[in-house]
Amino acid sequence: MMFTAVFMVGPFLYAVYLSFTNRKLLSPLPTRWVGFENYIDVLTSSDFWAALKNNFVFSVVTVPLQTGLALALAVLVNQKLRGSTFFRTTYFIPITFSLSAASIIWSVLLNPSGLFNTVLEIVTFGQFTPDWLNDPRYTMAAVIIVSIWASVGFQMVILLAALQGVSQDLYQAASVDGANAWEKFRHVTLPGIRHQLFFTLTVTIVLSFRLFDQVYILPPKPGGPIDATNTIMVEMIQASGNNQIGKASSIAVLFFLIVLFLTIFFRRFEPKDY
Amino acid sequence: MRNSQVKKPKRLAVTALVLALVASACSSGSTAEGTSGGQTTAADSGDDTSELVNSDIETCDGKIDKDVTIALAAHSGDDAYAQTVDDFNAGPGKELGVTVELVNLGEESYEDFITGAAASNSLPEIIDMDGPFLYNFAWNGFVQPLGNCVSQEKVDEFLPSVIGQGTYEGELYSLGSFDSGMGLWAKKSDLEKVDARIPESSADAWSAEEFTTILKDLETSGVSAPLDIQWSYGAGEFRPYAFASIVQSGGGDLIDRDGYQTADGFLNSQGAVDALTTFQSWVNDGLVDLEAIDDNNFINEDASFSWVGHWKYNDYKEALGEDLILVPLPDFGAGSKTGMGSWNWAMSSAVEDPDAVWAFIDFATQAEQVKSIAAFEGAVPSLLSVLEEDPSFSPGGDRYLYVRNLQASPEVAVPRPQTAAYGFIRNEYSDVFADIVGGADVEETLNQAVENIDADIESNEGYRPAE
């Protein structure tokens, strides 16, 4: 508890205080109280809203896609088949990579003449080989691909554990009742893992809002090209990189409020036990 | 989660913590100011006579009081630097009772390390920083002027660009062992293939239109994306260093250098917009290589030009031999311009005995050390005497153009803006340039950048030097 207070609550409250000052990281000028000036600055800048929009686009696409894929993978590797341990391991490996290191590797793979496009060229007969990282239309898609690759294994493992917790008796009972595979999935599996599924959904939403490493490293400039992948985290880091601690703190506080609101909002949909 | 009974102590702890943090915030604000004034010892400057640079600032008192060990925060721990430190410690250092300890901070986060050290009042004595860091460091009081430590005689031995870079608010703060060279490396055989005129000096550089034609001719002749601009270097110091010259050559600048209070009418001047639009058209026409994954496309692939600094010379020369030539950057209307400046030595404000620090800086900028450090970096030696000895930097030599440009500083080799706002300007221009290459509307992008830069200057109360 003390630990939480010192390392989490304390710094946060300090950030709230800083967000009302003109504090610079280092400056010979004295720190002044500026009231809501930072907040007004941030909320009236088009960059902030563009970043927020990118955050939403990313979440709206990634959350269902990633959770769905995680569920599908979990069901697949849950089969009692030869080699399922191998696949479980393979899908989980990206989790153990540092995301920033993986982003550097991906930036090479996503080079217009890189491995990714070489495969695409074969598959699409040369019809579709975009410049993923320099063309603003495709960069967010590239970021989404990398993000899903990097974190789908985490959800998969949680869902896999959940799947293994569903009693075999229920499946046998369903079989006796003449249910087919889909009906078993729909009426036995899904209800059986609804809590874990809800948990992964919530966590994915929150994590997706923290989108940072990929968009900082993959594009030709952080959040680029031309702000196509700019996010609130990037805005915040850039403000502090520019010495503007007061402004960065106000973005951090706003970010906290947004995520808090989303979390509370989704809590309402939490499945109840009957 | 389960211990709701400890709620009360927690709340108390938090309150105490907040109070402590706020208190520390206030006090750290005042100590930061306290460190800046400090070290100028008011001892009698005695013996020195002739016209010293800023001799009115008595940084040195001519004697080293006692044996000291001083830290050198270097950007590299490689041979040439380690050797210089060893030689100093074994030679003049031993005589004077000064021991230098080399701490290698690397290049990438050098600036952050120093700001961090300053925030915790633990600045090293000698700071070896990239040129443009100086102005913000000086504004913050992390470094102090060399003042009467350096004689006019010594100053006159340097390339004017090195002295220009080391000057902030009329005071000389730093000296470098080398300067950087920036230009366009080209393959002579490719130029001959398209019958291009080969410019000898910045004065007869290709005009932007001429260069456009050459690029297009090369493409027609089968060279795909003939201009390699080291896009793989990513965001950071390279972009403003290498590409601010486009704005300057168009007749604009990153900021109004008269007072450094606004970028309006400079970064977004018509000349700047036109020059960057021309550059953007090269990108749009597929004449620029943005796909390179490292800085070797010029030698590994078929690019005809490489827009890069001196540090690639050794690799290129080895691969291309006599086919390698250095040509000036294209002239966008106001003359060919180029970036300049590199790592240089300064004295931090946390110095007990400036004379001891000066003894090392003086040593590291003497002919022998300059020769070995510059050779190691592949850079332009900062001393005129060393330059004269090196055929590569003499008339007819491969890199003579660098020297001519640096000697014509600030008209040709333009120092990065000598203001504490430079850090912000650099980030902004790096962003802007990436956006323009990515296809953004040039004028709109530049106007937005001007707005951001002016807002930052205003929020820092003009970055006016503290009294």
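Checking every residue in segment B:352-375 against the condition of being farther than 27 Å from B:A90 by Cβ, surrounded by 19 or more Cβ atoms within 10 Å (Cβ to Cβ) and touching a Phe, Trp or Tyr at 6+ places or on another chain (Cβ under 6 Å) gives zero matches. Within the option set B:V432, B:V412, B:V351, B:V327, being in the same structural domain as B:D204 (by TED's automatic domain parsing), of a type in the set (A, V, I, L, M) and at pLDDT below 95 holds for one residue only, B:V432.
Can you find, within segment B:159-196, the residue that is modelled with the lowest pLDDT among those that are among the charged types (D, E, K, R) and surrounded by fewer than 24 Cβ atoms within 10 Å (Cβ to Cβ)? If we take residues in segment B:159-196 being among the charged types (D, E, K, R) and surrounded by fewer than 24 Cβ atoms within 10 Å (Cβ to Cβ), then B:E169 is modelled with the lowest pLDDT. Restricting attention to segment A:129-171, the residues that are among the small types (G, A, S) and within 15 Å of A:P220 (Cβ to Cβ) add up to 1. Out of curiosity, is A:S27 outside any helix (DSSP H, G or I) and under 30 Å from B:F142 (Cβ atoms)? So A:S27 fits the description; yes.
Of all residues in segment A:92-123, those that are within 25 Å of A:L73 (Cα to Cα) and either away from chain B (no Cβ under 11 Å) or in a loop (DSSP other than H, G, I, E, B) (or both) total 20.
Within segment B:438-450, the set of residues being surrounded by fewer than 20 Cβ atoms within 10 Å (Cβ to Cβ), within 10 Å of chain A (Cβ to nearest Cβ) and of a type outside the set (G, A, S) comprises B:D441, B:Q448. For first residues located in segment B:381-395 and assigned to a loop (DSSP other than H, G, I, E, B), partners that are of a type in the set (D, E) and surrounded by fewer than 22 Cβ atoms within 10 Å (Cβ to Cβ) and lie 6+ apart or on another chain with Cβ distances below 9 Å form the pairs B:S382/B:E157; B:S394/B:E388.
The helices (runs of 4 or more DSSP H) found entirely in segment B:1-110 include none that carry 2 or more residues being modelled with pLDDT of 90 or more and within 14 Å of another protein chain (Cβ to nearest Cβ). Condition check for B:S245 on (1) under 19 Å from B:K187 (Cα atoms); (2) under 24 Å from the mean Cα position of the chain (by Cα): one failure, at (1). Tell me whether segment B:241-253 contains one or more residues that are touching a strand residue (DSSP E or B) at 6+ places or on another chain (Cβ under 7 Å) and within 14 Å of chain A (Cβ to nearest Cβ). Scanning segment B:241-253 turns up no residue that is touching a strand residue (DSSP E or B) at 6+ places or on another chain (Cβ under 7 Å) and within 14 Å of chain A (Cβ to nearest Cβ). The set of residues in segment A:6-24 being buried (at least 17 other Cβ atoms within 10 Å of the Cβ) and either under 23 Å from B:N121 (Cα atoms) or more than 7 Å from every other protein chain (Cβ to nearest Cβ) (or both) consists of A:Y14, A:A15, A:L18, A:S19, A:F20, A:T21, A:N22, A:R23, A:K24. Please find, within segment A:146-188, the residue that is farthest from A:L99 (Cα to Cα) out of those that are without any contact (Cβ under 8 Å) to a residue 60 or more places away in the chain and hydroxyl-bearing (S, T, Y). Checking each candidate, the answer is A:S175. B:G378 meets each of the listed conditions (1) touching a Phe, Trp or Tyr at 6+ places or on another chain (Cβ under 9 Å); (2) in contact (Cβ under 8 Å) with a residue 60 or more places away in the chain; (3) not assigned by TED's automatic domain parsing to the domain that holds B:P92 apart from (3).
Say we look at segment B:258-294 and pick out the residues that are acidic (D, E) and crowded, with 19+ Cβ neighbours inside 10 Å; which of these is modelled with the highest pLDDT? If you could, list the steps in order and put the result at the bottom.
Of the residues in segment B:258-294, the ones acidic (D, E) are B:258, B:264, B:274, B:285, B:289, B:291, B:294.
This time we only want the ones that are crowded, with 19+ Cβ neighbours inside 10 Å, so: B:289, B:291.
Details: B:D289: 90, B:E291: 81.
So the residue we want is B:D289.
Looking across A:F87, A:F58, A:F3, one residue alone is surrounded by fewer than 19 Cβ atoms within 10 Å (Cβ to Cβ), part of a helix (DSSP H, G or I) and more than 14 Å from every other protein chain (Cβ to nearest Cβ). It is A:F87. Here segment B:73-105 is the region considered, the condition is being in contact with a strand residue (DSSP E or B) (Cβ under 6 Å, 6 or more places away or on another chain) and among the hydroxyl-bearing types (S, T, Y), and the residue that is surrounded by the most Cβ atoms within 10 Å (Cβ to Cβ) is B:Y81. Name the helices (runs of 4 or more DSSP H) wholly within segment A:158-274 that hold at least 1 residues that are within 14 Å of another protein chain (Cβ to nearest Cβ), closer than 29 Å to B:S232 by Cβ and polar (S, T, N, Q)? Once the helices (runs of 4 or more DSSP H) in segment A:158-274 are filtered for at least 1 residues that are within 14 Å of another protein chain (Cβ to nearest Cβ), closer than 29 Å to B:S232 by Cβ and polar (S, T, N, Q), what remains is A:232-241. For segment B:421-428, indicate whether the set of residues that are assigned by TED's automatic domain parsing to the domain that holds B:D204, in contact (Cβ under 8 Å) with a residue 60 or more places away in the chain and of a type in the set (D, E, K, R) is non-empty. Checking segment B:421-428: at least one residue is assigned by TED's automatic domain parsing to the domain that holds B:D204, in contact (Cβ under 8 Å) with a residue 60 or more places away in the chain and of a type in the set (D, E, K, R). In the list B:D435, B:D454, which residue meets the criterion of being part of a helix (DSSP H, G or I) and facing chain A (nearest Cβ under 10 Å)? Checking each option against the conditions leaves just B:D435. Meeting the requirement of 2 or more residues that are more than 18 Å from B:V357 (Cβ to Cβ), more than 14 Å from chain A (Cβ to nearest Cβ) and touching a residue at least 12 places away in the same chain (Cβ under 8 Å), the helices (runs of 4 or more DSSP H) wholly within segment B:113-194 are B:152-155, B:160-165, B:188-193. When we screen A:L109, A:L73 for residues that are surrounded by 12 or more Cβ atoms within 10 Å (Cβ to Cβ), more than 18 Å from A:L211 (Cα to Cα) and more than 19 Å from the chain's Cα centre (by Cα), the only hit is A:L109.
The values are calculated or read from the model by the stated rules, or taken from the named source; none is laboratory data. This structure is a prediction, so every number in the text was calculated from the model and none was measured. Counting neighbours? That spans all protein chains shown, and the Cβs are built from the backbone with ideal geometry, glycine included.
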